[in-house]
Amino acid sequence: MLACGNGAAGTDSRRARSEREKDGVDKPTERVEFETMLLTRHTLTTVRRAGQETGGLERSAYILLSRIRLEGPMSIRELSEVFRLDQSTLNRQTSAMLRAGLVERIADPGAGIARKFRITDEGARRLDDERDRIVRGLEKVLHDWTAEEVEAFAGYLERFNTDIERLSGRTWPRP
């Protein structure tokens with residue numbers, strides 16, 4: 001059972017949060033928090049859902065295939081380490097990808113009976129199709145932006161992501 005010793009401090013924290021909610025966001029980091037929440041919501045409900053309705057990839061397959069493409073064939077253990085997911089979760093996700101013909105199992109030369117997952121031609125085609133569809137959706141959103149604004153935004157997103165990676169100790173390879 002958790003201790004409830006926060007007493008006044010917990011009440012003060014809730015009161016301060018309640019005041020901010022009435023006034024709206026007041027610190028730049030609160031704006032970033034709010035806007036990233038909306039960004040993930042918009043991405044998941046608009047761009048990603050439209051693809052799934054037209055035969056696009058599931059989010060987990062898109063992310064796993066993207067990583068395998070950048071890293072080369074990977075084992076369940078390697079995927080578990082980079083994504084910090086249970087191997088059982090990854091077994092379910094990779095099994096679905098195997099059934100869909102997106103990946104294939106290949107021998108891991110350095111690990112005896114262990115296997116790695118490699119993207120199939122179908123997996124590469126579907127990943128490219130999904131990425132193209134997402135880019136087209138982003139181009140619609142960014143249509144009225146200047147090339148300089150889009151470049152600056154991409155730079156800020158990259159910096160934001162690499163700072164998260166640095167703090168978490170988990171880097172994501174870039175093309």
Legend entry - Derived scalar couplings ³J(HN,Hα) [region 108-119; Karplus, 6.51 cos²θ - 1.76 cosθ + 1.60; whole Hz; x for Gly, Pro]: 9, x, x, 9, x, 8, 5, 10, 10, 9, 10, 5
Legend entry - Distance in nm between pseudo-label sites at Asp26 and Arg59 (7 Å out along the Cβ direction from Cα): 3.2 nm
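Which order do the peptides 56-67, 99-110, 144-155 take when ranked by the mean count of other beta-carbon atoms within 10 Å per residue, highest first?
Listed from highest to lowest mean packing, they are 56-67, 99-110, 144-155.
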Inset, instruction - Quick one: order Ile119, Ile134 by neighbouring beta-carbon count within 10 Å, fewest to most. - result: Ile134, Ile119
Legend entry - Contour minus Cα-Cα distance for Glu81 and Glu139 (0.36 nm per residue): 17.5 nm
Inset, instruction - Return, ordered by residue number, the residues of region 94-113 whose backbone nitrogen is under 16 Å from a label point located 7 Å along Cα→Cβ of Ser88. - result: 94-95
Inset, instruction - Pop a pseudo-label 7 angstrom from the Cα along the beta-carbon direction at both Glu33 and Arg131 and give the gap in nm to one decimal. - result: 3.4 nm
Legend entry - Computed lengthening from His42 to Glu122, 0.36 nm per intervening residue step minus Cα-Cα distance: 26.0 nm
Legend entry - Total charge dipole magnitude, region 59-175, about the Cα centre, Cβ charges on Lys, Arg, Asp, Glu only, Debye to nearest 20: 640 debye
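We did not get these values from a lab; they are worked out from the coordinates using the rules stated. Everything quoted here is computed from the prediction, not taken from an experiment. Because the Cβ atoms are built from the backbone with ideal geometry, glycine has one as well, and the counts that use them run over all protein chains shown.
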